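Report on one structure; see the data block that follows.
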Amino acid sequence: MKSKNLVSLSVAAVFFVLAITGLLIYFGQGSHVVEHTHAWFGVLFVAAAIFHIMNNWASIVGYSKNRRTGGIQKELVVPVVIVAIFALGIGFDLPVFGKLANFGKGLFKGERPRGGPMEQTKVDSIANAVETAYATAYTKGDTGALAKLLPIKTSLLTEAGTILSGSDIQKNILKRTAPEVVKTKVDRAESLDERTILVYGTSTNSTTTSPTVFSHLLKEQDKKWTIIAAQRAFPAVQ
């Protein structure tokens, strides 16, 4: 087995996958799986490219330098200049490069409404669905359903100023001796981006007499919305 053949074919195979995932991300079709695949194959591509350069170092030097004069070949200057232009343009977020970066997504998603990344009706629908599911799971003591909505790493700032995690809330449900009926009402929801929604609302608990106001930060991943951060407080006395 020839090492040069193996490395060259490996570079080609990895590049093929990398190109597909890169185009999917560029055109706004990149899911969590696509992004992870792109990242890992990027690492593989770097490794394969290093071996490719090592195996072809003499040829690369020959392409870069004029053997007679020892000067730099034009064939080296052109790609270096192109890479430098794109690196600086992207790094400094120049308008042309910003438009180019979003052009692919615009082809499939079209122009977004000026009111925000998502239509308000969709934002309200998602917020109400998540909050209703949360209240139902909490009331029933369904820790399995609650874990899907409130991951163990979710941080919750309580009315008392203490910070709980999603895991703490699940443990508290298992420890409770009396039933709790929780009801939530979404007062306002706004989209921060296409995968993040901030929800403001009011909740009541059968074990307390005073309602509380809350804010939940919702995040979409793999087409599932979860609460990644939460805060509760007693409403201000008018």
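Quick notes on this structure:
- If you go through the range 177-214 and keep only what is over 15 Å from ARG232 (Cβ atoms), out of contact with any helix residue (DSSP H, G or I) (no Cβ under 7 Å at 6 or more places or on another chain), in contact (Cβ under 8 Å) with a residue 60 or more places away in the chain and not charged (D, E, K, R), you end up with just LEU192.
- Residue satisfying all of: in the range 76-134; part of a loop (DSSP other than H, G, I, E, B) and in contact with a strand residue (DSSP E or B) (Cβ under 7 Å, 6 or more places away or on another chain); modelled with the highest pLDDT among these: MET118
- Test result for LEU18, out of contact with any strand residue (DSSP E or B) (no Cβ under 6 Å at 6 or more places or on another chain) and touching a residue at least 24 places away in the same chain (Cβ under 8 Å): yes
- Applying the criterion of being assigned to a helix (DSSP H, G or I) and exposed (fewer than 12 other Cβ atoms within 10 Å of the Cβ) to the residues of the range 54-75, the residue that is nearest to the chain's Cα centre (by Cα) is MET54.
- Hits in the range 156-165 - residues which are in contact (Cβ under 8 Å) with a residue 60 or more places away in the chain and not in a strand (DSSP E or B): THR158, GLU159
- Some residue of the range 221-233 being free of Cβ contacts under 8 Å to residues at least 60 places away in the same chain, outside any loop (DSSP other than H, G, I, E, B) and charged (D, E, K, R): no
- Exactly one residue among PHE103, PHE97 is aromatic (Phe, Trp, Tyr), closer than 30 Å to SER191 by Cα and surrounded by 13 or more Cβ atoms within 10 Å (Cβ to Cβ), and that residue is PHE97.
- Output for the range 199-210, where each listed residue is closer than 18 Å to ALA189 by Cβ and either surrounded by fewer than 17 Cβ atoms within 10 Å (Cβ to Cβ) or not hydroxyl-bearing (Ser, Thr, Tyr) (or both): VAL199, TYR200, GLY201, THR202
The values are calculated or read from the model by the stated rules, or taken from the named source; none is laboratory data. Please read these numbers as outputs of a predicted model, since none were measured by experiment. All Cβ positions, even for glycine, are placed from backbone atoms using ideal geometry, and neighbour counts span all protein chains on display.
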